[in-house]
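The next block holds one structure in the form of C-alpha cells; read it before the comments.
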Amino acid sequence: MPSTETGLVRPMAGRESRAFAGKIGREVRIELTWLKTVLGSWEFWTLALLTLVLTMLAYQVSRPYSVDIGGGYDDAYVDNFHSKEAGAGVSYRWTDNYSYIRLPGIGGGIPFQLQLRVASGRPAGEPAPNLEIIVNGQAMPAIKLGPGWQTYSYDITGPAAQSRDLVVELRSDTYHPEGNRGLQLGTQVDWVSYRPTGAGLVFPSLSQLIYAMLAVCVVYATGRRAVLGTTTKGWLIRALASIAGVAMLFAIAYTVAFQRLDYTPYAKNLILVLLLGLALLLIGERLIRWLFQAVRLETSEKHRRILLAVALVAFYAKFGGLAYPNMIMIDLPWHMRFLRMVLSGQWAELYFPSPLSSVPSEWNMDVLIPKSPLFYFIAAPVSFLPLPIELSVKLFVTLLDVSLLFGIFYLVKKFYGSPRAALFAAAVYGFTPLTYRMLSYGILPTIFAQWLTVITFAIILTKFHNLNRAGPFALTTMLLAATMVAFPTILVFNTIVMGIWGVSMLLWPAEAWERRRVIQLAMVVVGGLVVAFLSYYMQYLIPLLTVTLPAYASRLTTGSGQVVGTGGLVSTVQWSLTFYGSALPFVGAIFGLALYRVERLDRFWLLLIAWLTIPVVFAVVGMHVDMIGKHLFYAMVPLSIGLGILLDRLSSRGVAGRITGYMLFATLAWSAVSFWIFRILYAGH
C-alpha cells in the first residue's frame, strides 16, 4: 500500500482528480456537440418558423371569454382577492383595497367590451362603497355600488385596447365586518367577460409567441434525444421527432385560437415541464447507467433507453397536469400550511400533538392519529428552488412517484429475471389510474412513505442473505423505521406485510440458513417498531389507548365507511374497483402472479402476495372506516408487477398475444389519461 512518506498517495489522488475532470470534460463536449447538431438542423428552425406563423394566425380568431370569479377555475386569473365564497346561488370573491383580474396573452389591437358583475356586499348601516376600475392603465368612470348584484359594461378603445394582456385593476373602499375587525373587505365580484367589438389585426403576446416556439422546439429535441441519444444518424427518428413537434404545434395553435384563456396562463409552466423533462433525460442517461452498475444489475442500452422514455412520458403526464394553474390538488393547501410552519421554525409544534394529527372532519371522529412532520422536513429544501413553493412541492412528489418506475424495473429484473416484464411493469405503474388519483388527492406524506417502502423492501430483498451482518441489519432496521414514522397507516401496512412474508417463508421448503434469516427479519421489524415508537409515537401512547383505538373499535363494529355506505363487502369491493379504476390491474395481477407461481416459488413471489393482502384485508375495514383508497394506493407496485408479468407472457404468445397485451395496456393508459384530463379541466366546476 502506498504511504504518505514515499509521496505516492498525493500523485495518485492527483491523477484520479485529473481523470475525473477529463471525464467530465468529455461529457460536456459530447452534450455541446449534440446541442450544436440539434440547433443546426433544418427541422429545428423550420418548426420554429412554422410555430411563429401558425400562432400569429391563431390569434386572428377573436372570441369572447369570461371568468367565473369564485368558481372552480379562477386561481390563474385573480390577484390579491380573498378566498372563494358562495351564497344565494352565486359564487364570488371579495376584493381587497387593491385587487387585479389578469387575462394573460389575450391579444391586442382591436376594440372590445369589458363587463363586470359586482355587488357591494355591505350589511345594513354600512355606507355604499366607491369602486374604481382601471383597464390596462386607463381609468373608467368611478361608480358607487348600490345594493344587490349589478353588471357594468365598458367599451375599450385606443391605447387600452392595444395591450396584448388584459389587466383590470379594482380599487374599492373597504370595511371591517363585525366580529372580525382584522379582515378588510372591498367589493364582491361574480364574473368578468371580454367580448371583441371590432375587426382588425390582432397583435399576439410576444411572450406567448416565445413560449410556443420553445415548446415545439423542446419537444422536437427531446423526442430526438430519447431515441437517438447523442448520435446524429437516423433520419426516420428525426422525422418522428419532427412529427412530435408538429403535433405540439397544432395543439398550441388550436388552443390559442379556440381556448386561449385555458392555455395562456399555463404556457410558462408548460415550458418548465418540457425543459425539466429534457434535463431529466440528459441526466438520467448517465445516472441510471451508474445506479444499475452500482447495484450490479445488468441491463442493455436499449432497455435503459426504453425505460427512460417511459419515465419521461409519465413525468410529462403527471407533472404537466399538476403544473396546470387551475389544477385542484385536494389536500395541497392542508400540507402547505404545515410545510410553512417548518420553514418558519415552528417544527417543534408539529412534532408534538397538533392539528397535524387530527382526522378529516368527514369522519365525525374526535380522535388523534399521530402523523409525524417527517415529510415536511424532507420537502423543506425545495423551498430554495426558484419556483413558487407549491409548484416546487408538486415537482418533488412527482419525482418521487416517477422514480418508482426505476425501482419497479430493478425489482422485476433482479428477482424475476425478465427485462421485458420489468419494462411492462414500470410502464403499468406509470399509467395506472391509481397513481393519478393519488396525486390528485394530494396525500403527500403517504406518497413519500410509500416511496420509502418500495426502497426499503428492495433493499431487504437484496440484502436478505446478509441480514445476519451488522451493516445490512442496521440499514434495513432504520429504513423500515423511517417508513413507519413517515405515516401511521404505512406502519400498520408494512408490519402486516413483513409478518405475513416472514411466516410464509417459514412454511415453504427452505434451507436452514433461510429460516435463520427469517428470524433476523423479525428482529428487523421489531427493531423498526421500537425505533419508530421511541422516536415519535411514544408521546401518543395514552390518547391512542384511551381514545383513538376504542373509537376505531366502535366504528369497526357499528359504523360504516363514509363513502361506500352499508352495502356490504361485495358492493364495497365493486365500488372500489370502479371508482379507483383498479379492476384491470387487480385482475391482470392475479393472472400474472398465477403464471409466476406456476413457473416457480421464491421469496419475491411470496413478498408480492403478502403485499397484496393489504387491499384484501382492508376492504373489510373499509366497510366501517373510510380508507380513502390508501389500501389500494399501497398495492400499486405489486399490482403493476403482476400485470407487467402477464403482459410479458402475452407478448411472447405470437401476434394475437401481443395485440391482446397492447390492447390491455392501451385500455389501462386511456383510463388513466381520461381521468387525468377530467381532474385537470372539469373537476373544479
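The values are calculated or read from the model by the stated rules, or taken from the named source; none is laboratory data. Worth saying up front: this structure is predicted, and the values here are computed from it rather than measured. As a convention, Cβ positions derive from the backbone with ideal geometry for all residues, glycine included, and neighbour counts pool all protein chains shown. Note: areas computed on protein heavy atoms with side chains; ligands, DNA, RNA excluded. Shrake-Rupley method; radii C 1.70, N 1.55, O 1.52, S 1.80 Å.
Restricting the first member to the range 13-29 and to residues that are farther than 24 Å from A279 by Cβ, and the second to residues that are acidic (D, E) and at pLDDT 75 or above, no beta-carbon pair is closer than 7 Å while six or more apart or on different chains.
May I ask you to verify whether S66 is under 21 Å from T157 (Cα atoms), open to solvent by 40 Å² or more (accessible area, probe 1.4 Å) and not basic (K, R)?
Numbers: under 21 Å from T157 (Cα atoms): yes; open to solvent by 40 Å² or more (accessible area, probe 1.4 Å): yes; not basic (K, R): yes.
Yes: the conditions hold for S66.
Yes or no, residue by residue, for (1) over 25 Å from the mean Cα position of the chain (by Cα); (2) in a strand (DSSP E or B); (3) free of Cβ contacts under 8 Å to residues at least 24 places away in the same chain:
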site	(1), (2), (3)
R63	yes, no, no
S66	yes, yes, no
G71	no, no, no
A76	no, no, no
N80	yes, yes, yes
R93	yes, yes, no
Y98	yes, yes, no
R102	yes, yes, no
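Residues in the range 133-177 that are in contact with a helix residue (DSSP H, G or I) (Cβ under 6 Å, 6 or more places away or on another chain) and under 30 Å from G89 (Cβ atoms): how many? Let's see the steps before the verdict.
Pass one, the range 133-177, residues in contact with a helix residue (DSSP H, G or I) (Cβ under 6 Å, 6 or more places away or on another chain): 135-136, 138.
Those left that are additionally under 30 Å from G89 (Cβ atoms): 135.
Residues flagged as in contact with a helix residue (DSSP H, G or I) (Cβ under 6 Å, 6 or more places away or on another chain) and under 30 Å from G89 (Cβ atoms) within the range 133-177 amount to 1.
The set of residues in the range 367-381 being open to solvent by 20 Å² or more (accessible area, probe 1.4 Å) and of a type in the set (V, I, T) consists of I369, I378. Pairs linking a residue in the range 137-151 that is free of Cβ contacts under 8 Å to residues at least 60 places away in the same chain to a residue that is part of a loop (DSSP other than H, G, I, E, B) and of a type in the set (S, T, Y), with Cβ atoms under 6 Å and 6 or more positions apart or on different chains, are L145/S120.
Within the range 561-598, the residues that satisfy the criterion of being modelled with pLDDT of 80 or more, aliphatic (A, V, I, L, M) and buried (at least 19 other Cβ atoms within 10 Å of the Cβ) are L584, A589, L593.
Scanning the range 408-430 for residues that are assigned to a helix (DSSP H, G or I) and open to solvent by 20 Å² or more (accessible area, probe 1.4 Å) gives Y410, K413, K414, F415, P419, R420, L423, F424. Taking residues in the range 156-184 that are assigned to a strand (DSSP E or B), and partners anywhere that are open to solvent by 60 Å² or more (accessible area, probe 1.4 Å) and of a type outside the set (F, W, Y), the pairs with Cβ atoms closer than 6 Å and at least 6 places apart or on different chains are V167/R102; R171/E132; Y175/E126. Every test in (1) of a type outside the set (A, V, I, L, M, F, W, C); (2) assigned to a helix (DSSP H, G or I); (3) farther than 18 Å from W34 by Cβ is passed by T222 save one, and that test is (3).
When L209, L278, L249 are checked against the criterion of being under 24 Å from the mean Cα position of the chain (by Cα) and in a helix (DSSP H, G or I), a single residue qualifies: L278. Being open to solvent by less than 20 Å² (accessible area, probe 1.4 Å) and under 18 Å from A486 (Cα atoms) is true of F338. Among the residues of the range 456-472, those identified as out of contact with any Ser or Thr (no Cβ under 7 Å at 6 or more places or on another chain) and either assigned to a helix (DSSP H, G or I) or at pLDDT 95 or above (or both) are F457, A458, L461, T462, F464, H465, N466, A470, G471, P472.
Condition first: of a type in the set (S, T, N, Q) and surrounded by fewer than 18 Cβ atoms within 10 Å (Cβ to Cβ). Now tell me which residues in the range 169-192 satisfy that. First the steps, then the outcome.
Our first condition is that a residue be of a type in the set (S, T, N, Q); within the range 169-192, this holds for 172, 174, 180, 184, 187-188.
Once the filter is applied, which keeps residues that are of a type in the set (S, T, N, Q) and surrounded by fewer than 18 Cβ atoms within 10 Å (Cβ to Cβ), the range 169-192 yields T174, N180, Q184.
Of the residues making up the range 39-69, just one is within 30 Å of G87 (Cβ to Cβ) and of a type in the set (F, W, Y), namely Y65.
The C-beta contact set for the range 532-548 (first residue closer than 10 Å to P370 by Cβ, second residue open to solvent by less than 50 Å² (accessible area, probe 1.4 Å) and of a type in the set (S, T, N, Q), distance under 6 angstrom, 6+ apart or interchain) comprises Y536/S372. Filtering the range 283-303 to residues that are in a helix (DSSP H, G or I) and either of a type in the set (D, E, K, R) or buried (at least 17 other Cβ atoms within 10 Å of the Cβ) (or both) leaves G284, E285, R286, I288, R289, F292, E301, K302, H303.
From the list G629, G654, exactly one residue is free of Cβ contacts under 8 Å to residues at least 12 places away in the same chain and at positive phi. Which is it? Before the answer, list the steps.
Working: G629 fails: free of Cβ contacts under 8 Å to residues at least 12 places away in the same chain.
Checking each option against the conditions leaves just G654.
F250 fails exactly one of the following numbered conditions: (1) touching a residue at least 60 places away in the same chain (Cβ under 8 Å); (2) open to solvent by less than 10 Å² (accessible area, probe 1.4 Å); (3) within 21 Å of G321 (Cβ to Cβ). What is the number of that condition? Failing condition for F250: (2).
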